[in-house]
1. State whether one or more residues within region 195-202 are farther than 18 Å from THR307 by Cα, in a loop (DSSP other than H, G, I, E, B) and not hydrophobic (A, V, I, L, M, F, W, C).
2. Failed condition for ALA150, given (1) assigned by TED's automatic domain parsing to the domain that holds LEU324; (2) assigned to a strand (DSSP E or B); (3) within 29 Å of ALA283 (Cα to Cα), with all others met?
3. Determine which member of the set LEU299, LEU265, LEU281 is closer than 30 Å to ARG192 by Cβ, touching a residue at least 60 places away in the same chain (Cβ under 8 Å) and under 18 Å from the mean Cα position of the chain (by Cα).
4. Please go through (1) touching a helix residue (DSSP H, G or I) at 6+ places or on another chain (Cβ under 8 Å); (2) under 30 Å from ARG74 (Cβ atoms) for ARG225 and return the number of the only condition it doesn't satisfy.
5. Counting just the residues of region 71-105 that are among the hydrophobic types (A, V, I, L, M, F, W, C) and surrounded by 15 or more Cβ atoms within 10 Å (Cβ to Cβ), which one comes out modelled with the lowest pLDDT?
6. Mind checking which residues of region 106-125 are touching an Asp or Glu at 6+ places or on another chain (Cβ under 9 Å) and surrounded by 15 or more Cβ atoms within 10 Å (Cβ to Cβ)?
7. Take region 266-281 and flag every residue that is surrounded by fewer than 17 Cβ atoms within 10 Å (Cβ to Cβ) and part of a strand (DSSP E or B).
8. Among ALA161, ALA189, ALA207, which is the only one that is touching a residue at least 60 places away in the same chain (Cβ under 8 Å), within 23 Å of ARG279 (Cβ to Cβ), surrounded by 23 or more Cβ atoms within 10 Å (Cβ to Cβ) and not hydroxyl-bearing (Ser, Thr, Tyr)?
Amino acid sequence: MQPTTPRIAIIGAGPGGLTCARVLQRHGMPVTLFDRDTSAGARPQGGTLDMQPHSGQVALQEAGLDEGFRALARPEGQEMRLLDRTGTVLLQRTPAPDEEQSPEIDRGELRRLLLDSLAPGTVRWGHYLRTLHPIGDGTHKAEFDDGHTATFDLVIGADGAWSRVRPLLSDATPHYSGVTFVETGFDDADTRHPAVARLVGDGSMMALSGGKGLIAQRNSGGRIRVYAAFRGSQDWAAERGLNLDDTEAVRAALLETFTGWDGQLLALLQDNDGGFINRPLFALPVPHAWPHTPGLTLLGDAAHLMTPFSGMGANLAMLDGCELARALALPRSLKGAGGAPVADLDAAVRAYEAAMLPRSAKAAEGSARGLDNAFAHDAPRGALHHLRHRLRHR
């Protein structure tokens with residue numbers, strides 16, 4: 001017999017895990033969330049996200065955070081530009097003044113919004129999951145690197161690309177996509193780097209040609225985040241004898257990689273603030289599925305890691321978390337023989353997985369096509385077609 005109040009653990013305090021915890025708490029279900037970071041501000045959270053109406057925004061509404069999201073979001077961030085290597089604009093989408101279909105929000109601001117909505121003590125920082133031990137009837141004992149252990153009726157792996165929960169469900173591991181991003185950026189761009197600010201506009205800009213790209217996106221506070229992207233080895237820097245901490249050497253190597261590109265685009269590599277961060281892109285096999293296993297499930301990147309070219313990663317993670325929480329909360333409205341609430345965790349997880357797995361497979365297929373189009377030898381031709389299709393079906 002399962003307890004009437006199930007013991008639920010979420011591993012990973014990303015958008016999906018936080019959304020799941022928030023929706024569970026709104027339905028009166030206790031949950032504990034464990035994250036390996038030592039605190040909420042232990043590391044940067046990355047760039048900006050467009051919250052889409054049928055996924056991320058649905059999750060925020062279910063979490064009761066739509067008003068808070070609207071106060072932080074940037075509708076103007078929906079602007080999109082596609083250029084070629086000469087700086088010629090091939091596609092430009094500018095949102096209408098009153099359009100808020102998929103407004104942008106910085107990852108850090110979204111995380112704070114979700115964290116602030118949780119009951120105090122929900123997140124246990126500095127807890128890295130070492131292993132899970134099945135102990136029967138779908139329960140698992142979690143062991144953390146500090147020696148702490150706890151037993152749960154359901155463990156939800158929301159712990160990203162290198163999930164510690166996934167190996168108990170699937171033999172799949174992320175593979176290198178063949179494309180690497182090298183990140184840099186500009187601070188106070190409108191004042192200190194006006195030419196770059198004009199090039200990027202209010203949203204995102206992508207220049208593509210021959211398996212390479214320069215991608216920039218506007219963040220809040222005047223920040224512009226930039227990625228130099230190219231096909232090649234994930235160890236490209238070491239193979240060229242480069243130390244990634246040597247900013248000028250990396251800059252010279254990237255400028256050589258983009259030889260022949262227009263000067264206004266090369267300014268994204270020449271005038272940046274700070275150094276460069278190597279970010280090779282990984283993805284899980286498509287489709288990725290697993291045999292249903294009582295007491296365990298996955299959401300977000302742990303379940304369906306894909307490259308950024310779906311435009312859906314965080315949105316899907318939040319929708320996953322929302323739908324899983326709703327499925328888990330629904331059976332509590334049912335009554336057992338004695339009139340007490342029952343929580344059929346296994347049936348709830350099965351229902352969630354039945355909806356999530358095909359949805360994520362479709363998105364991952366689209367992401368793989370988007371990546372191939374963006375970094376094809378004839379780019380940006382395929383990318384232009386792909387973006388037009390995405391915009392028509394938003």
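The values are calculated or read from the model by the stated rules, or taken from the named source; none is laboratory data. Being a predicted model, the structure only gives us computed values, none of them experimental. Cβ sites come from the backbone with ideal geometry, for glycine too, and all protein chains shown count toward neighbours.
1. yes
2. Evaluating ALA150 over (1) assigned by TED's automatic domain parsing to the domain that holds LEU324; (2) assigned to a strand (DSSP E or B); (3) within 29 Å of ALA283 (Cα to Cα) leaves (3) as the failure.
3. Exactly one of LEU299, LEU265, LEU281 is closer than 30 Å to ARG192 by Cβ, touching a residue at least 60 places away in the same chain (Cβ under 8 Å) and under 18 Å from the mean Cα position of the chain (by Cα), namely LEU281.
4. With (1) touching a helix residue (DSSP H, G or I) at 6+ places or on another chain (Cβ under 8 Å); (2) under 30 Å from ARG74 (Cβ atoms) applied to ARG225, the lone miss is (1).
5. Filtering region 71-105 for residues that are among the hydrophobic types (A, V, I, L, M, F, W, C) and surrounded by 15 or more Cβ atoms within 10 Å (Cβ to Cβ), the one modelled with the lowest pLDDT comes out as ALA73.
6. Across region 106-125, the qualifying residues are VAL123, ARG124.
7. Residues satisfying the conditions are ILE277, ASN278, ARG279, PRO280.
8. Going through ALA161, ALA189, ALA207 in turn, the sole match is ALA207.
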